[in-house]
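Just below is one structure, and these are the notes that go with it.
The values are calculated or read from the model by the stated rules, or taken from the named source; none is laboratory data. Just so it is clear, the model here is predicted, and its values are computed rather than measured. A quick note on method: Cβ atoms are made from the backbone with ideal geometry, for glycine too, and the neighbour counts reach across all protein chains shown. Note: accessible area is taken over every heavy atom of the protein model, side chains too, but ligands, DNA and RNA are not part of it. Shrake-Rupley method; radii C 1.70, N 1.55, O 1.52, S 1.80 Å.
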Amino acid sequence: MSGGQRYFADRRTVDTASGRISYVEQGQGPVALFVHGVLLNGYLWRHQLAELGDSRRCIAPDLLGHGYTEAGTGQDASVTANAHMLAQFLDALGIDRVDLVGNDSGGGICQIFAALYPQRIRSLALSNCDAHDNWPPEAFKPFVAMVAAGGLGDTLQAMLADKSVFRSALAPAYERPEQVSDATIDTYLRPLLEPARLGELERFVNAFDCRHTLAIEDGLRRLQAPTLIAWGTDDVYFPLQWSFWLQQTIPGTVRRVEFEGARIFFPEERWQDFNRELRAHWQAHSVEPVRAQAATA
């Protein structure tokens, strides 16, 4: 059994107004919600769920158009719709507040969620991700154009048939693309070839537009939740300048840290270092108000 098969063996689903949302959870304690980006699924966060469950109930949903989530008929799959889906998802599980963690387009979705639902954020952690008017990034626009031209299905098929195509296409996203296993590529891509999922993913990518992040910028500038900005320095999609932009824009930012030479998917490649930052961030800043009152009583 591959790592992906073991990971999804404990997969659960919950019904929301947006569709049937697939997720995996591990651990106990306050909830930490992990949000992946385009072409991936919750498996991106396998090392976080496995290692941080001693201090958090770690939950990684599959976004609309990704993994095993089944969007409702005609459901909007845009990033803003995904932010609303996360609120519905938490409601369905009876969860009030979370430590929110995002990467890539999932980090953009986290910004939208945090601006629209600030009362639901206990803390925020953003790694290399879309922000402000850098959506889609210039380097990702050829992929967006390919999807708009109807080439997504053939591209995914080619990546699955010859894994070197995936490694070549996503080489800018990994420090060591040659070390991404065939099984990991299967875990990410195979669910996307389900006919319904393929159409949902097309809608997700076709809706990429910076208007989604620009629309919530005022809310982001008021966000007081303790925020960690963790950034790989060698990223053609999200250069280091965007980590400074987020730090300056979110008043709750308490730490900005750089991972020298890392690229977008460093939470997967450098998971030990990233987990160390998350754990320290939560320990220092993720305190429920009720507990804080009790401590001072």
Q. How many residues does segment 1-44 hold that are free of Cβ contacts under 8 Å to residues at least 60 places away in the same chain, part of a strand (DSSP E or B) and open to solvent by less than 50 Å² (accessible area, probe 1.4 Å)?
A. 3
Q.
What pairs come out if I take residues in segment 103-132 that are under 15 Å from M85 (Cβ atoms) and pair them with residues that are part of a helix (DSSP H, G or I) and not hydrophobic (A, V, I, L, M, F, W, C) whose C-beta lies under 6 Å away, six or more apart or interchain?
A. G108/T213; I109/N82; I112/T80
**Q.** Check on P191, modelled with pLDDT under 95 and under 27 Å from E70 (Cα atoms)
**A.** no
Q: Collect the residues in segment 221-236 that are buried (at least 22 other Cβ atoms within 10 Å of the Cβ) and within 19 Å of G37 (Cβ to Cβ), keeping them in residue-number order.
A: T227, L228, I229, A230, W231, G232, D235
Q. Looking at segment 125-153, which of the residues that are of a type in the set (D, E) and more than 15 Å from the chain's Cα centre (by Cα) is nearest to V38 (Cα to Cα)?
A. E138
**Q.** Matching entry among V147, V165 (being of a type in the set (V, I, T) and over 16 Å from H66 (Cα atoms))
**A.** V165
Q: Go through the residues of segment 72-82 one by one and say whether even a single one is under 15 Å from I250 (Cα atoms) and in contact (Cβ under 8 Å) with a residue 40 or more places away in the chain.
A: no
Q | Cβ pairs under 7 Å, 6+ apart, first in segment 45-64 and free of Cβ contacts under 8 Å to residues at least 12 places away in the same chain and surrounded by fewer than 24 Cβ atoms within 10 Å (Cβ to Cβ), second charged (D, E, K, R) and part of a strand (DSSP E or B) | A | none
Q) Restricting attention to segment 185-204, does a residue exist that is open to solvent by 10 Å² or more (accessible area, probe 1.4 Å) and closer than 20 Å to R256 by Cα? A) no
(Q) Among the residues of segment 101-145, what is the count of those that are touching a Ser or Thr at 6+ places or on another chain (Cβ under 7 Å) and farther than 26 Å from G261 by Cβ? (A) 3
Q. How about segment 61-97: which of its residues are over 12 Å from R120 (Cα atoms), part of a loop (DSSP other than H, G, I, E, B) and within 19 Å of the chain's Cα centre (by Cα)?
A. D62, L63, L64, G65, H66, G67, Y68, T69, D76, A77, S78
Q.
Quick check on my filter: what residues within segment 237-274 are at negative phi, assigned to a loop (DSSP other than H, G, I, E, B) and either touching a Gly at 6+ places or on another chain (Cβ under 7 Å) or not aromatic (F, W, Y) (or both)?
A. P239, L240, I250, P251, G252, E260, A262, R263, I264, R270
